[in-house]
1. Across segment 272-287, what is the total count of residues that are under 17 Å from the mean Cα position of the chain (by Cα) and either modelled with pLDDT under 85 or of a type in the set (D, E, K, R) (or both)?
2. Against the definition (surrounded by 11 or more Cβ atoms within 10 Å (Cβ to Cβ), part of a loop (DSSP other than H, G, I, E, B) and polar (S, T, N, Q)), how does THR81 come out, yes or no?
3. Among the residues of segment 188-220, what is the count of those that are in contact with a Cys (Cβ under 6 Å, 6 or more places away or on another chain) and part of a loop (DSSP other than H, G, I, E, B)?
4. Looking only at segment 221-247, count how many residues are part of a strand (DSSP E or B), among the β-branched types (Val, Ile, Thr) and under 24 Å from MET284 (Cβ atoms).
5. Just one of (1) modelled with pLDDT of 90 or more; (2) over 30 Å from ILE118 (Cα atoms) trips up ASP58, so point out which.
6. Can you tell me which residue within segment 37-68, out of those that are within 30 Å of ARG11 (Cβ to Cβ) and touching a Lys or Arg at 6+ places or on another chain (Cβ under 9 Å), is surrounded by the fewest Cβ atoms within 10 Å (Cβ to Cβ)?
7. Of all the residues that make up segment 397-432, how many are surrounded by 13 or more Cβ atoms within 10 Å (Cβ to Cβ), among the charged types (D, E, K, R) and over 36 Å from the mean Cα position of the chain (by Cα)?
8. Assess whether GLU166 counts as being in a strand (DSSP E or B) and free of Cβ contacts under 8 Å to residues at least 40 places away in the same chain.
Amino acid sequence: MNNTQIYPFERNRYYPKKRLSSADYQAEQDYFNNKRRFLNSLMYGSGVVCGLGVFSLDDLSILVESGVAIDGMGREIVVETSDVKKLSSVEGFESLKTDIASLCLRYREEPVHKVYAIDQTDPDKEYQYNRVKESYELFLMDSGDIPESFEMESEFLTKGSLLSSENFSISFEIPATVSRGKAVMARVSVTKLSDNPARLTYNGVLQTPAFATAEGESEINIEIQELELSKGETVNYDYWMMVTKAPTVETNIILKTGSVSCFENDVAVNAPANLSIKVLLSDMQPRELVNREIGRMSLELKNIGGQGDYIRLADLKLVRTESAYIIETVDESSVKRYVTAPAQEMTRGDYLEYFVKEAGLKAESGVTFTSLPEAVGKNDNGGFYPEIAAGVLEIPLGENARRGSIHYSGEIVHGLGKGNVYVEVGYEYVREDEALGANAKSTIYGNPDIFANDQRTVVNAETAVRVLNDKGSFVVGARLLGNVDYLVLTYRWVAIKFPAGNDLGVSEDFSGKSIAPETPTVRMGTKENHYFGVRFINMEKCSVTYELTESGSGSISADGIYTAPTKPGVYEIRIYCTDMPVVCTYAYAIVEKNGYGEAGSEGANRI
């Protein structure tokens, strides 16, 4: 692999009557070329930008479409027109030792435009090439000789082993740091290690205290049944969870004691019975966490993991005889890497709409999120769905709990954030179901005494819930109405958080109605005042309310007179119809130390 380091950079320093040689002019070109290539390698990486598809025209020939690529040294490789070649004429064909060849593209320079040289001191240099043409070349090499790309180990994911046997390995991974209140994916990967015919069955439960599945459970049930793979093949099982807004800075994912069973070809296999993976909880957004991880790698580490000076376009499977060969298949998908170009972002977004469903997430494990806790969606009637969370809690009783005694659960974080939340709890127990012919889990909401004659397993107790609005949590208390022999009571809880008052009352049709500030954006000095007037669109004038969206952003009166704070910045003002809060708009004040007066629409365009 070539050395891709092209820095430190040096450029010419000019001064009066400086004598310039060809080396100086060469240094001038090298400086700008290397700067551009340096940015290419850092901003885009290496791979195909567009085009460069590979097709077999017949049994002996290939076609490479026109296109652009960037190699590991940041150099642009341009194939201006489609190129048709006999495979036997491509460099490296005679050196192939196997039946799978990799077609690669490499940057090449060639001197062109021969001219008469002025300097006649060297008779062997009577003529010189006046230009350097940037071109390309195709070559072949055995696929097995392609060096494996070296990736620096990242600390973004934390991993643990669930199984390591002669035939299979099972690993579990999750981001080492997760965002409170956001969705996160955990992945279980199964890899076949041997050629031995083997079927894998694995069952285990991972306990996830600071996470909740779509069903409100804090557990991941791993169920792998009769899995058969080829050597080197990997299958992934993805599990989506919500991170609760727990106040702790870290949590642990552990393997539930006694939950593991593992079989290969119906023969029991010893698998690790203990696993503990530490995960940090952060208030940073997922994009911030990803950007931090990507940006933390130093230049030295990037150079160690640098890319090659060629681009791999396709693998060709050949059928060879003593005197001839045939191109059997062309495989691009497993070898070609593409560069993400900003110019393609709009088209990429349009295409991704066919794969991304905003209303829900579904993983291979079958877990479906109908709505994320922090998202409030609109229904067809213009109303709002409440935010809902659920889970299971336990209230310890101790030995010989007696009638009239009161017992409490620990503090439960419901994951819906601060605010007014309604929590309902129901007693959960196991009863014999005659229709199923087996035991079934049931939950009683309300007075359990009504069902006491049906099953002896029902504990008669009255409950109350104290919701800690400012902490985003709750505590459940239970008073026993009879003597109990159990050590623990199990309850299922459901928490509901409705939108704020100014988001409700949407039964009326407000389509087409809107308001807008007369001056959307103003530039003003500290402590200056400005009045935000309102225009009414497709509706009668009505009373409006002004509010600041963050503290420390000045003050605004009930009639819309805004007073800027002493601290410069950009501040947001929300304006909404008092009786119709869903009809709202926003205005912005750009506060600087020196006043600039109103910006109007011109100011808005400058932002």
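1. The qualifying residues number 2.
2. So THR81 fails the test.
3. Let us first name the residues in segment 188-220 that are in contact with a Cys (Cβ under 6 Å, 6 or more places away or on another chain), namely 202.
In the following step, the residues that additionally are part of a loop (DSSP other than H, G, I, E, B) were identified as none.
Looking only at that region, the number is 0.
4. Step one: list which residues in segment 221-247 are part of a strand (DSSP E or B), which gives 221-227, 234-243.
From what's left, among the β-branched types (Val, Ile, Thr): 222, 224, 234-235, 243.
Those still in the list that are under 24 Å from MET284 (Cβ atoms) too: 243.
Summing the residues that are part of a strand (DSSP E or B), among the β-branched types (Val, Ile, Thr) and under 24 Å from MET284 (Cβ atoms) in segment 221-247 gives 1.
5. Only one criterion in (1) modelled with pLDDT of 90 or more; (2) over 30 Å from ILE118 (Cα atoms) is unmet by ASP58, namely (1).
6. So the first thing to find is which residues in segment 37-68 are within 30 Å of ARG11 (Cβ to Cβ), and the list is 37-47, 49, 68.
This time we only want the ones that are touching a Lys or Arg at 6+ places or on another chain (Cβ under 9 Å), so: 37, 40-42, 45-47.
On the way: ARG37: 18, ASN40: 18, SER41: 21, LEU42: 11, GLY45: 15, SER46: 23, GLY47: 18.
Residue satisfying both the conditions and the ranking: LEU42.
7. Final tally of qualifying residues: 2.
8. Working: in a strand (DSSP E or B): no; free of Cβ contacts under 8 Å to residues at least 40 places away in the same chain: yes.
Taking the combined requirement at face value, the residue does not satisfy it.
The values are calculated or read from the model by the stated rules, or taken from the named source; none is laboratory data. Note that the coordinates shown come from a computational prediction; the quantities given were computed from them, not determined experimentally. Positions of Cβ are generated from backbone atoms using ideal geometry, with glycine treated the same way; all protein chains shown enter the neighbour counts.
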